[in-house]
1. Before we move on, is A:Lys101 surrounded by fewer than 21 Cβ atoms within 10 Å (Cβ to Cβ), more than 11 Å from chain B (Cβ to nearest Cβ) and in contact (Cβ under 8 Å) with a residue 12 or more places away in the chain?
2. Which is over 18 Å from the mean Cα position of the chain (by Cα) and either among the aromatic types (Phe, Trp, Tyr) or at pLDDT 95 or above (or both), of A:Glu66, A:Glu87, A:Glu48?
3. Let me confirm something: among B:Gln173, B:Gln177, which residue is polar (S, T, N, Q) and either in contact (Cβ under 8 Å) with a residue 24 or more places away in the chain or not in a helix (DSSP H, G or I) (or both)?
4. Among the residues that make up region B:491-499, is at least one of them in a helix (DSSP H, G or I), surrounded by fewer than 24 Cβ atoms within 10 Å (Cβ to Cβ) and in contact (Cβ under 8 Å) with a residue 12 or more places away in the chain?
5. Kindly list the number of the only condition in (1) touching a strand residue (DSSP E or B) at 6+ places or on another chain (Cβ under 7 Å); (2) not assigned by TED's automatic domain parsing to the domain that holds B:Ala482 that fails for B:Ala580.
6. Go through region B:458-483 and give me each residue that's touching a Leu at 6+ places or on another chain (Cβ under 6 Å), within 8 Å of chain A (Cβ to nearest Cβ) and assigned to a helix (DSSP H, G or I).
7. What's the number of the only condition in (1) assigned by TED's automatic domain parsing to the domain that holds B:Arg405; (2) surrounded by fewer than 20 Cβ atoms within 10 Å (Cβ to Cβ); (3) among the charged types (D, E, K, R) that B:Lys323 fails to meet?
Amino acid sequence: MTIDGKEVEAEEGKTILEAARSAGIHIPTFCYHEKLTPYGACRFCTVEISKKGKSRLVTSCVYNVEDGLVVQTNSPKVIKIRKMLLEFMLASAPVLAEVAKQYGVEKSRFKSEVTQCILCGLCARYCAEVKGANAITFVGRGVKRRVAFVDEVVSSGVCMDCRQCFGVCPTGKIPRETDGASFEGITVQDVLSRMNRK
Amino acid sequence: MAKLRSPADLEKKREQIVSKRDPSKPCITICSGTGCHALGSDKLHEAIVTEISKNGLRRKVDVRRTGCHGFCERGPVVVIFPDETCYLGMKPADASEVISKTFVEKQLVERLLYKDGSGASVALEGEIPFYKHQTRTVFGNNRLIDPKSIDDYLAVGGYSALAKALLQMSPEQVLEQVKRANLRGRGGGGFPAGVKWETTRNAPGDTKYVIVNADEGDPGAFMDRSLLEGNPHVVLEGLIIGAYAIGSHEGFVYVRQEYPLAVSNLTAALGQARDYGLLGKNILGSGFDFDVTIHRGAGAFVSGESSALMTAIEGMVGEPRPKYVRTAVSGIWERPSNLNNVETWANVPLIINRGADWFTGVGTAGSKGTKIFALVGKVNNTGLVEVPMGMSLRDIIYKIGGGIRSGRRFKAVQTGGPSGGCLPESLLDLHVDFDELTGAGSMMGSGGMIVMDEDTCMVDIARYFTNFLADESCGKCIPCRAGIEQMLEVLERICAGKGEKGDIDLLEEISDVVRDASLCALGQTAPNPVMSTIRYFRDEYVAHIEQKRCPARVCKALVSYFIDPVKCSACGICLRNCPADAISGGKNLVHIIDQQKCIKCNTCFEICPTRFSAVLRISGEPVPAAPPLGTEVARKKGKQE
């Protein structure tokens, strides 16, 4: 297959993202992590593929490689999507301003509640899939979707020695807010102080 | 009840049931669908039974509570067989008169009959224009059977297609019939059911599932609900036939918990089918085993999407999966799973019984058979209508729907629910099928059809549907979650009179990304309400943004109310009804609205007697100066009466 004009060979069953990375081609992501099942939520890894003369936009973290596939990771359509996604993300997570600048997005035209969270789910999924602890989860639907700690699990003490979610959070919300303030409506501080008392 | 162990047993059973029924014996059928139920069909049923006893007719007249007839607006609907006299809007208090007139005096009760445009009565159900122009092949049995009685379904030929499929046809032959019929999915995408069945059939794995999608959730749509409530066995029969063709032994019905009657009628149907040996081991002696589980949905619109629905059946939160592998190949627990919606399954027994050629004889080149629509909104006759594919929007809205209410003018029709779009008057002659609707920027969806008149603001409609989607987006992927939120923000701003130059372009820009980058069909089609209204009603957007004018005078922020001093006759009705005490006036004094106090509730506009029509709605222009307080009215009360 071809990625950005470069001939790339990849094993069957690999995703476009994996093939690109092993060929040294960078496709940016927010919700992807090598140790986790691809989640396809940030859509930032969207690329343009063409086969049999037809082009299509797909998310490279879940789309498997195919023989003869032609992939463009930086086509105008892809750039347009990425810029818009960054504007969306900036509205709720201004902390990403520096990252956005790298892609040419100086400011967002949109306003949203500032949560400093892009709901990539890395914390929740890492906790579930790698740690097997299931201490973090999503609550709510749509624009009301939030990340929350599960009281019962956190208070069992498992989080005290782990804190591996701190490292995967792309906005730094988890380390910043679990050590300081609380999440929206979720009294993580209460939970943590209860842990400390234990 | 002994199980039916062969098609011969089934036929014997059917003969037994039919032989006990005299087709010439009068039968009063009372619609007990959700609409008529809400209008009191329970009490009506009681009253009719009481009256029949009183008149000593218990042995002479049957009473049956049936599924939805479709003419919900005029319910409760009562049809008296064998003549098929139809009474609309019948109340318990009418029972005595109807029974004595029908069975003692042999006369009609005029006032309960349908009246056509000229005021003439129409006595027979089939002659009522709402029904006359329909082709009720899928929905037709609803009015004949009690949904809780499998014997009623057998009496109209039920399960004969199943017997034929299981014992006279190979699975391949069944599949071939459905493929040849070109039955396209009635749930949204219009994907050919036979092709999907074949994919699941050919997919590797021994365990395969078949599923009924009854997670109908479009605003204003209730065709799947009425079918499942009114004739659960036809859906079940279709499902068993599909399972046989695909090689599946386990099925699910994913039905909304908000459809309690559908859940209870379906539960009863499954029990009866098991008792009769139509579900379970060795169905009708064919050697084929199959059974069904009901999964009740927890109220998420997105769960109608195939991968989200399957995730929900697995017991997890109903969110779509990002994979590029079809659920037909890897669905529930990563096993091949074939999902079709209620109406699609209900078509299957018809195709098996009457053949693919019969089925393809109806419809257009690319869309075969009939389609059930929920015709609602500003039409005179609202309800469920079944028509051949290809009927024009005009015929559906005017011939069946009886045109627009209160003599208003047609403006648009919304098809396909929140994923669909709004089509303007210039497209009224569009022949409704999958491809024509998609080509026009809307879609068939599951068959919602909302008619709008000139008093509808199209920006407000786009805002309404986008708001619905903002509530129903699962929030998993960014373009859908944030994109819909931002589209809604722009639309709300425009409706509030704060639209800015460039907002239309911005909506289009967001729409492109939401369509191209969203994870599932909910997001990919979410821009349709906005895009289709911009495409066909751009001038309304421009009026809102540039002139701060709402052409339909709907958007509160852009509308003012004014009492015309020449027309006001000081009747005091608006003054007494204004909830904000914003109207001042007195005997023989012109009434005046205090613009500061007015909350724009529209009450004065609606309540001002039409013979005066003194209250004006103004948009996009300044409110005229009110006369000084204490100005006497031009037309004095009493003089003109």
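1. Details: surrounded by fewer than 21 Cβ atoms within 10 Å (Cβ to Cβ): yes; more than 11 Å from chain B (Cβ to nearest Cβ): yes; in contact (Cβ under 8 Å) with a residue 12 or more places away in the chain: no.
Considered against the rule, which asks whether it is surrounded by fewer than 21 Cβ atoms within 10 Å (Cβ to Cβ), more than 11 Å from chain B (Cβ to nearest Cβ) and in contact (Cβ under 8 Å) with a residue 12 or more places away in the chain, A:Lys101 comes out as no.
2. Values: A:Glu66 fails: either among the aromatic types (Phe, Trp, Tyr) or at pLDDT 95 or above (or both); A:Glu87 fails: over 18 Å from the mean Cα position of the chain (by Cα).
So the residue among A:Glu66, A:Glu87, A:Glu48 that is over 18 Å from the mean Cα position of the chain (by Cα) and either among the aromatic types (Phe, Trp, Tyr) or at pLDDT 95 or above (or both) is A:Glu48.
3. Numbers: B:Gln173 fails: either in contact (Cβ under 8 Å) with a residue 24 or more places away in the chain or not in a helix (DSSP H, G or I) (or both).
Only one candidate passes the filter, namely B:Gln177.
4. The answer is yes, given that some residue of region B:491-499 is in a helix (DSSP H, G or I), surrounded by fewer than 24 Cβ atoms within 10 Å (Cβ to Cβ) and in contact (Cβ under 8 Å) with a residue 12 or more places away in the chain.
5. Every condition holds for B:Ala580 apart from (1).
6. Once the filter is applied, which keeps residues that are touching a Leu at 6+ places or on another chain (Cβ under 6 Å), within 8 Å of chain A (Cβ to nearest Cβ) and assigned to a helix (DSSP H, G or I), region B:458-483 yields B:Ala470, B:Ile478.
7. For B:Lys323, the exception is condition (1).
Listed here are the residues, each with its yes/no results for (1) more than 14 Å from chain A (Cβ to nearest Cβ); (2) in contact with a strand residue (DSSP E or B) (Cβ under 9 Å, 6 or more places away or on another chain); (3) free of Cβ contacts under 8 Å to residues at least 60 places away in the same chain; (4) among the acidic types (Asp, Glu).
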position	(1), (2), (3), (4)
B:Leu506	no, no, yes, no
B:Arg515	no, no, yes, no
B:Asn528	yes, yes, no, no
B:Thr533	yes, yes, no, no
B:Ile545	yes, no, yes, no
B:Pro551	yes, yes, no, no
B:Leu575	yes, yes, yes, no
B:Gly585	yes, yes, yes, no
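The values are calculated or read from the model by the stated rules, or taken from the named source; none is laboratory data. Note that the coordinates shown come from a computational prediction; the quantities given were computed from them, not determined experimentally. Don't worry about glycine lacking a Cβ; one is built from the backbone with ideal geometry, like all the others, and counts go over all protein chains shown.
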